[in-house]
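**Student:** A single structure is presented below for examination.
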Amino acid sequence: MPNYKLVYFPGRGRAEVSRLIFKAAGVPFEDVRINTANGEWPGETKAKCPFGQMPVLFVDDKVLAQSKAIGRYLAREFNLAGKTNWDQARADMILDQFEDIGTEIYKFMFEKDAAKKAELSEKFNSETLPRHLGYLENLLKENNGGTGFFVGDSLTWADLALANAYDHLGGTDAPFANSPLLAGLIKRIRATPSVAEWISTRPQTPF
Amino acid sequence: MPNYKLVYFDGRGRGELVRLVFKAAGVPFEDVRLDDESATPTWPGEWKAKCPFGQLPTAFIDDKPLAQSKSIARYLAKEFKLAGNTNWEQARVDMIIDAIDDISTEVGKFMWLTDETKKAELREKFNAESLPRHLGNLENILKENNSGNGYFVGDSLTWADLGLVNLYDRVGGVDALFTNFPLLAALNKRVRDLPNIAAYIKARPLSPW
């Protein structure tokens, strides 16, 4: 078993899906959290990152950057990526969609003008998010009626990404009121013992 | 051989990397180009409802849909052995593709502006500050692989190398932007000179984007 070290800021952000993959797979890893506040970042860490950014994953002494590339590598190593090339592609496509939703959130998350922020947030919650969730609900339904997993008949990192999105979207059931299949899958995944234990013991962070 | 259909708009944009994967592999595909500007647009038409996320590009493999440009390209690259030979190599390819995509996204922030002065100003800033920083990182990564005289990953062509070719066009198709990045410049040229790629670049519809 290689030595795994995941390096990121002290938050869920772009590293949490990878942490969930480790936890779901039951694979130990060093969960390194680098602070900007005390100068740890950039410190000596930035120069070790291929693109000067985090997260990065060290596998023994080799380094990998880019959160989705990291997640996909781990998912494939631990058989959580999908069983065929096609299933893997369908899981990838769902991960990309979550990335797009995240991009929409970032558009207003860092907006300093309070009025503009409220306006963008309103548009996201009333139009953008429901549209995205609608597509995802349909995709889930197409897979054996949607009472199992996003892809195939076993857990993949696409399901973990959904469970993670729950937290990014506020950590309440409200956004999923009109997406019962997604809500059901989120509940199932978050109740899985390894995931439930991580959610209850991980550092509580604002992002 | 399955039946492959790529549906996108009539430009390079987010479809071109997928087209390059087909061309590099020498695999035929139906290159559907939709129009959303004319008086009789073909998008959204009947296509939008067939797309998993209502967006393009969407690929149809024997009529089964796959969305999201990078996921489509990766699926095909894996089918055609252009993705990397081990999980680690594939991850390094994915990482490079994501980094190239980040650069493309930055270009997207100014290339559609209608205010030509603002557009030129932002492009100038990008070319002077952001792009060199990004290309420097990619040059280093390339150098780490057999001194950078071959490919980005392993010892054969992967879609990461095709991603570089696509990036060159995306940032303007100008050699001057790569002057300080000789390994990238040479890799771009090597891949563009591959027979399949050269023929495609010569024959493809010219597009401003």
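The values are calculated or read from the model by the stated rules, or taken from the named source; none is laboratory data. Since this is a predicted model, take the numbers as computed values, not measurements. Note that each Cβ is placed from the backbone with ideal geometry, even for glycine, and that neighbours are counted across all protein chains shown. We work out accessible area using only protein heavy atoms, side chains counted, and drop any ligands, DNA or RNA first. Shrake-Rupley method; radii C 1.70, N 1.55, O 1.52, S 1.80 Å.
**Student:** Taking B:Lys48 as the anchor, which aspartates and glutamates have their alpha carbon closer than 12 Å to its alpha carbon, excluding any fewer than eight residues away along the same chain?
**Tutor:** Within reach: B:Asp36.
**Student:** Could you give the size of the charge dipole of chain A about its Cα centre, using +1 on the Cβ of each K and R and -1 on the Cβ of each D and E, expressed in debye and rounded to the nearest 20? All intermediate terms of the calculation are to be shown ahead of the outcome.
**Tutor:** Working: 25 positive and 26 negative charges, 39 e Å.
Around 180 debye, computed over chain A.
**Student:** Next question, about the same structure. When only C-alpha pairs under 8 Å and at least 6 residues apart count, what is the relative contact order of chain A, in percent? Numbers along the way, then the final one.
**Tutor:** Working: 238 pairs, mean separation 46.0, N = 207.
Reported as a whole number, the value is 22 percent.
**Student:** Further question on the same structure: Apply the Kirkwood formula to the protein assembly as shown: the hydrodynamic radius equals the inverse of the mean of 1/r over all pairs of different alpha-carbon atoms; give it in Å with one decimal.
**Tutor:** On the way: mean 1/r = 0.0444 Å⁻¹.
So the Kirkwood estimate lands at 22.5 Å.
**Student:** Considering only protein heavy atoms, what per residue accessible area in square angstrom results for the stretch B:101-181 with a 1.4 angstrom probe? Write down the numbers at each step before the final one.
**Tutor:** Numbers: 4070 Å² over 81 residues.
Accessible surface, normalised per residue, equals 50 Å².
**Student:** Give the cross-link partners of A:Lys46 among the aspartates and glutamates, using a straight C-alpha distance below 19 Å as the criterion and excluding same-chain residues fewer than 8 apart.
**Tutor:** A:Glu30, A:Asp31, A:Asp60, A:Asp61, B:Asp98, B:Asp102, B:Glu129, B:Glu139, B:Glu144
**Student:** What number, rounded to the nearest 500 deg cm²/dmol, is the helix-based mean residue ellipticity at 222 nm of chain A, given -39500 (n - 2.57) per DSSP H run of at least four residues and division by all its residues? Mind showing how you got there, number by number?
**Tutor:** On the way: 8 runs with 103 residues, N = 207.
Helix-only estimate at 222 nm: -15500 deg cm²/dmol.
**Student:** With an 8 Å Cα cut-off and a minimum separation of 6 or more residues, compute the relative contact order for chain B in percent. Write out the running numbers ahead of the final one.
**Tutor:** Values: 251 pairs, mean separation 45.6, N = 209.
Relative contact order comes out at 22 percent.
**Student:** Counting only helical runs of four or more DSSP H residues, what would the 222 nm mean residue ellipticity of chain B come to if each run contributes -39,500 (n - 2.57) and the total is spread over all its residues? Kindly include the intermediate steps, with their values, before the conclusion.
**Tutor:** On the way: 8 runs with 102 residues, N = 209.
The per-residue figure over chain B is -15500 deg cm²/dmol.
**Student:** Quick check: with the 1.4 Å probe, what order do B:His134, A:His132 take by accessible area, largest first?
**Tutor:** Details: B:His134 30, A:His132 10 Å².
So the residues, ranked largest to smallest area, are B:His134, A:His132.
**Student:** Using only the alpha-carbon atoms of the stretch A:4-151 as identical scatterers, what base-10 log of I(q)/I(0) does the Debye formula give at q = 0.13, 0.15 Å⁻¹?
**Tutor:** Relative scattering, expressed as log10 I(q)/I(0), comes to -0.75, -0.94.
**Student:** In addition: So which GluC sites (Glu not before Pro) in the stretch A:1-83 pass both tests, a DSSP loop state and at most 10 other Cβ atoms within 10 Å of the Cβ?
**Tutor:** Values: sites: A:Glu16, A:Glu30, A:Glu40, A:Glu44, A:Glu77; in loops: A:Glu40, A:Glu44.
Loop-located and lightly packed - A:Glu44.
**Student:** Quick one: grab the alpha carbon gyration tensor of the stretch B:47-155, order the square roots of its eigenvalues as a ≥ b ≥ c, and give me rounded if a/c is under 1.5, else prolate or oblate depending on whether a/b is larger than b/c.
**Tutor:** Working: a/c = 3.69, a/b = 1.08, b/c = 3.43.
Here the stretch B:47-155 falls in the oblate category.
**Student:** For chains B and A, what's the summed buried accessible area, probe 1.4 Å, to the nearest 100 square angstrom?
**Tutor:** Values: alone 11150 and 11090 Å², together 19510 Å².
Accessible area lost upon association: around 2700 Å².
**Student:** Which of the lysines could a cross-linker span from A:Lys123 if the Cα-Cα distance has to be under 21 Å and same-chain partners fewer than 8 positions apart are dropped?
**Tutor:** A:Lys107, A:Lys112, B:Lys109
**Student:** From the residues B:Asn85, B:Asn140, A:Ala81, which one has its Cα farthest along the dipole of the protein assembly as shown in the positive direction, the dipole being from +1 and -1 charges on Cβ of Lys/Arg and Asp/Glu about the Cα centre?
**Tutor:** B:Asn85
**Student:** Pop out a list of residues from the stretch A:37-55 that are at least 40 Å² less accessible with all the protein chains around than in their chain alone; 1.4 Å probe, no ligands or nucleic acids counted.
**Tutor:** A:Pro50, A:Phe51
**Student:** Which FRET efficiency, nearest 0.05, do B:Ala198 and B:Val27 yield, Cβ-Cβ r, R0 25 Å?
**Tutor:** Working: r = 17 Å, r/R0 = 0.68.
FRET efficiency, B:Ala198 to B:Val27: 0.90.
**Student:** Continuing with the same structure: Counting only protein heavy atoms and a 1.4 Å probe, tell me what percentage of the stretch B:32-182's accessible area is made up of carbon and sulfur. Mind showing how you got there, number by number?
**Tutor:** Numbers: 3350 of 6960 Å².
The C+S portion of the solvent-accessible surface of the stretch B:32-182 is 48 percent.
**Student:** Tell me, what is the FRET efficiency for B:Ser38 and A:Ala174 to the nearest 0.05, using R0 = 51 angstrom and their Cβ-Cβ distance as r?
**Tutor:** Working: r = 42 Å, r/R0 = 0.82.
The value I calculate is 0.75.
**Student:** Still on this structure, please answer the following. Within 10 Å of each candidate Cβ there may be at most 15 other Cβ atoms; applying that plus a DSSP loop requirement, which trypsin sites (Lys or Arg not before Pro) in the stretch B:19-103 survive? Please report the intermediate quantities before stating the final value.
**Tutor:** Details: sites: B:Arg19, B:Lys23, B:Arg33, B:Lys48, B:Lys50, B:Lys70, B:Arg74, B:Lys78, B:Lys81, B:Arg92; in loops: B:Lys81.
Those satisfying the criteria are B:Lys81.
**Student:** Using a Förster distance of 25 Å, how high is the FRET efficiency between B:Thr86 and A:Ser194, based on the Cβ-Cβ distance and rounded to 0.05?
**Tutor:** On the way: r = 27 Å, r/R0 = 1.08.
The value I calculate is 0.40.
**Student:** If B:Met95, A:Met1, A:Met109, B:Met111 are ordered by their accessible area, calculated over protein heavy atoms with a 1.4 Å probe, which sequence runs from highest to lowest? List each step's numbers first, then the result.
**Tutor:** Values: B:Met95 0, A:Met1 170, A:Met109 80, B:Met111 30 Å².
Reading off the accessible areas and sorting them downward yields A:Met1, A:Met109, B:Met111, B:Met95.
**Student:** Nearest 20 debye, what's the magnitude of the dipole of the stretch B:123-198 about its Cα centre given +1 on Lys and Arg Cβ and -1 on Asp and Glu Cβ? Walk me through the numbers before you get to the answer.
**Tutor:** Numbers: 8 positive and 9 negative charges, 28 e Å.
It works out to roughly 140 debye.
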